[in-house]
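The values are calculated or read from the model by the stated rules, or taken from the named source; none is laboratory data. Keep in mind that this is a model prediction, so the values were computed, not measured. No Cβ is skipped: glycine too gets one built from the backbone with ideal geometry, and neighbour counts run over all protein chains shown.
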Amino acid sequence: MISSTTLNATDSPLLRLPAELRNLIFAHVYIGTRYSLDVEGFLGSWNLGALDWDQSVIGLSLVCRQTHAETSLLPYELGMFDLFTGWQCKLDGLWRLQGFLEKRTPRQIDAMASLKFTQWSVTLNGYWHQTRTAAYWVAKLEDPSVSFYGGFSIEAMTQAVDISSLGPSD
């Protein structure tokens, strides 16, 4: 009996293409795709924790083991993730950002090249945003000067820094 892996390698027009050409096709599918995450954690089929991929985006990764191996990190490398938190408590958006990042694997964190974080700033009287890598945001969240782990009391929240204290908006 011939394995499905062997059949895919010999019968699939896509998998018979040279790797360089497949990579161009894969890049065309994923490059510039924006993955929007709203304040409640849902927008379309996106969930902050699980990231329920839209079938049109993830379908390529589900074709077979080889395409999964070749494409599983491409949404993170080539896509743009946008976390918009709107009108929230001073650091509430950071909790949501932390929750999103905690659901990613270390390889996904390393691969995520564009993560835009947007939140209302009372100090600026407008929206504050920065686009950085996921690794940057992980390091920022581990910074003791931005400590919010374990939650704040109401008193501490009223004394917490404004989101704009994390640096200038892009």
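For region 80-96, name all the residues that are buried (at least 20 other Cβ atoms within 10 Å of the Cβ) and either at pLDDT 85 or above or hydroxyl-bearing (Ser, Thr, Tyr) (or both).
PHE81, LEU83, THR85
Residue by residue through region 11-60, note down the ones that are at pLDDT 75 or above and among the charged types (D, E, K, R).
ASP11, ARG16, GLU20, ARG22, ARG34 - these are the residues of region 11-60 that are at pLDDT 75 or above and among the charged types (D, E, K, R).
Do you know which residues across region 111-170 are among the β-branched types (Val, Ile, Thr) and either at pLDDT 70 or above or not in a loop (DSSP other than H, G, I, E, B) (or both)?
THR118, VAL122, THR123, THR131, THR133, VAL138, VAL146, ILE154, THR158, ILE163
Contact list please: Cβ distance under 6 Å, first residue in region 112-138 and farther than 18 Å from SER36 by Cβ, second residue acidic (Asp, Glu) and in a loop (DSSP other than H, G, I, E, B), pairs at least six apart or on different chains.
Close Cβ pairs (under 6 Å, with a partner that is acidic (Asp, Glu) and in a loop (DSSP other than H, G, I, E, B)) amount to SER121/ASP162; VAL122/ASP162; THR123/ASP162.
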